[in-house]
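The block underneath contains the structure these notes are about, expressed in structure tokens.
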Amino acid sequence: MSQTRIISPEELAAQRPFTDWVRAHYEAQGIAPLAYIRSFGCQQNVADAEHIKGMLAEMGFGFTEEPGEADFILFNTCAVREHAEDRVFGNVGALKTFKTRKPSLLIAVCGCMVQQEHIAEKFKKSYPFVGLVFGTHVLYKFPELLAGALRGRKRVIETPNEDGNIAEGIPVRRDGDVKAWLPIMYGCNNFCTYCIVPYVRGRERSRKPEDVLAEARDLVAAGYKEITLLGQNVNSYGRSEGFEVDFPELLRRINAIPGDFIIRFMTSHPKDATPRLFDTIAECEKVSRHFHLPVQSGSNRILKAMNRHYTRESYLEVVDYARKAVPDISFTSDIIVGFPGETREDFEDTLSLIDRVGYTSLFTFIYSPRVGTPAASMPDPISAEEKSKWFQELTARQEEIASRRLADMMGKRFRALLETDAGGFIEARLPDNVIVRVQGDRALLGHRAIVEITETKSWILIGNIVEIID
Ligand code: SAH
Ligand code: SF4
Ligand code: F3S
């Protein structure tokens, strides 16, 4: 059993006076405060930012897309690769002029990056204009931290490793009104040797099924058409807590909520993707037929060094079973190129695996060493130039695979959710997660339609709305 600690309603209520204090602080100065929030990284960070915005709204904040207008600027950071961290340092560095121009501005940094000691130190030492730094485990205390920083006597830096808490009932201000993120669990126990996430997000812990279901019902009642369940490994939902409701059962219960909506989820770890999960998907008509199943590598030697706990063969068995159980299922994946010690032969195993699976799309990354992870101290003889060549080879191969797949869709009709206004056209999402551009009125957003594919351009599909369903 894990050490999951539920933040009690009393503890959350103890934040109330700080919320009131911040509101009064700005009111006393006749300021209607504006916040600028920018999130890097995965959907978990986007979901966290929606909760931070919820708390800010209660404190009287409005929101702006212009950092120059803001009274509070927050960067919610990602530590997964060096590039992500460099972008944050660059972007935060550029904020210094705003602070010089407007001394009352409070600049803050939160999220996964600052959970690493050396990074929190760097902000402390080299970024004196950043007044508030807080980690992933103290989100629920945000009003208190913000009030402390605004009182202004000293900078507030709060990045404890107090692992394993879950706070229910933090207000949320969602970014959209068609799609919603619904975190079902936090943290990760898998310790893939390249990955920083378990260190910065703590141990795996799951929200209670009744809390998840209540939130899903509220979302459906509020008119959301697409709910994406979030977790680093949704397939192990409830395992640390010993819940009777596992992930397939949770899907079944959400699927049973009356209403017309789509259920998506990410991410699934292949080692925990069971036949029962695919049988459940086959029976749940609201569950999307798209499955993100990160493989990382097609070489057994590298998978072992990555500590992934599956083989190329067992992964392919999962894919084959899934295709039998859910014939219209489509797969996407994540792949790392240039893991320490990877050879040309290992890389070719990855190429043959993507041919064999036929993914709709891939998220491809060049391996980035992360401080404190086991892979960072493994010998890594392949040059950056060579890795970059392999990377391009991989993306070119995937483009061929994807365009063949899309060409097959020409002239066919699909059900699609009219999802996003992309300026001049609407982006509609097919059940297997592929996007089609269609012409149509903004007023159609959130509706479902039958769309016919009329044109395919490498990996873009263009179509016509044949009929509006609802
Ligand atoms: N929990 C998810 C992935 C979270 S991180 C899973 O296990 O599938 C998202 C992706 O980033 C990973 O799938 C991996 O492909 C990539 N990634 C993680 N650490 C990385 C690193 N150190 N270098 C390069 N890519 C990395
Ligand atoms: Fe990282 Fe592996 Fe956990 Fe995914 S499963 S978050 S890749 S440690
Ligand atoms: Fe990045 Fe943290 Fe997500 S490291 S990928 S934002 S969990």
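The values are calculated or read from the model by the stated rules, or taken from the named source; none is laboratory data. What you are looking at is a predicted structure, and each value in this text was computed from that prediction instead of being measured. FYI the Cβ positions are ideal-geometry reconstructions off the backbone, even for glycines, and counts take in every protein chain you see. Remember, those area values only see protein heavy atoms, side chains included, never the ligands or the DNA or RNA. Shrake-Rupley method; radii C 1.70, N 1.55, O 1.52, S 1.80 Å.
Quick look at the values:
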quantity	calculated
Qualifying strands (runs of 3 or more DSSP E) (wholly inside the stretch 377-470; at least 1 residues being polar (S, T, N, Q) and open to solvent by 40 Å² or more (accessible area, probe 1.4 Å))	413-421, 448-457, 460-468
Complete set of residues in the stretch 343-376 that are within 16 Å of ligand 3 (Cβ to nearest atom), in a loop (DSSP other than H, G, I, E, B) and open to solvent by less than 60 Å² (accessible area, probe 1.4 Å)	Tyr367, Ser368, Arg370, Thr373
Selected residue [within 25 Å of Gly41 (Cα to Cα) and among the basic types (Lys, Arg)] from Lys304, Lys271	Lys271
So Phe142, is it without any contact (Cβ under 8 Å) to a residue 60 or more places away in the chain, of a type in the set (Phe, Trp, Tyr) and within 30 Å of Ala94 (Cα to Cα)	no
Residue within the stretch 227-247 that is over 28 Å from Leu417 (Cα atoms), of a type in the set (Phe, Trp, Tyr), in contact with a Gly (Cβ under 8 Å, 6 or more places away or on another chain) and within 15 Å of ligand 2 (Cβ to nearest atom) present	no
Scan of the stretch 243-300 for residues that are assigned to a strand (DSSP E or B) and open to solvent by 10 Å² or more (accessible area, probe 1.4 Å), ordered by number	Ile262, Arg264, Phe265, Met266, His290, His292, Gln296
Selected residue (criterion: nearest to Ile119 (Cα to Cα)) from residues of the stretch 197-220 that are part of a helix (DSSP H, G or I) and within 16 Å of ligand 3 (Cβ to nearest atom)	Val200
Qualifying positions in the stretch 77-103 - open to solvent by 30 Å² or more (accessible area, probe 1.4 Å), under 30 Å from Ile335 (Cα atoms) and among the aliphatic types (A, V, I, L, M)	Val80
Selection within the stretch 315-347 - farther than 20 Å from Phe363 by Cα and of a type outside the set (Lys, Arg)	Glu317, Asp320, Tyr321, Ala322, Ala325, Val326, Pro327, Asp328, Gly341, Thr343, Glu345
Selection count, the stretch 330-342, where residues are within 16 Å of ligand 3 (Cβ to nearest atom) and of a type in the set (Asp, Glu)	1
Single match in Phe142, Phe75, Phe123, Phe129 (criterion: modelled with pLDDT of 95 or more, out of contact with any Phe, Trp or Tyr (no Cβ under 8 Å at 6 or more places or on another chain), of a type in the set (Phe, Trp, Tyr) and more than 17 Å from Val371 (Cβ to Cβ))	Phe129
Restricting the stretch 301-329 to residues that are of a type outside the set (Asp, Glu) and open to solvent by 60 Å² or more (accessible area, probe 1.4 Å), the residue that is nearest to ligand 3 (Cβ to nearest atom)	His309
Residues of the stretch 174-199 satisfying the condition of being open to solvent by 50 Å² or more (accessible area, probe 1.4 Å) and over 15 Å from Gln43 (Cα atoms)	Asp177, Asn189, Phe191, Tyr199
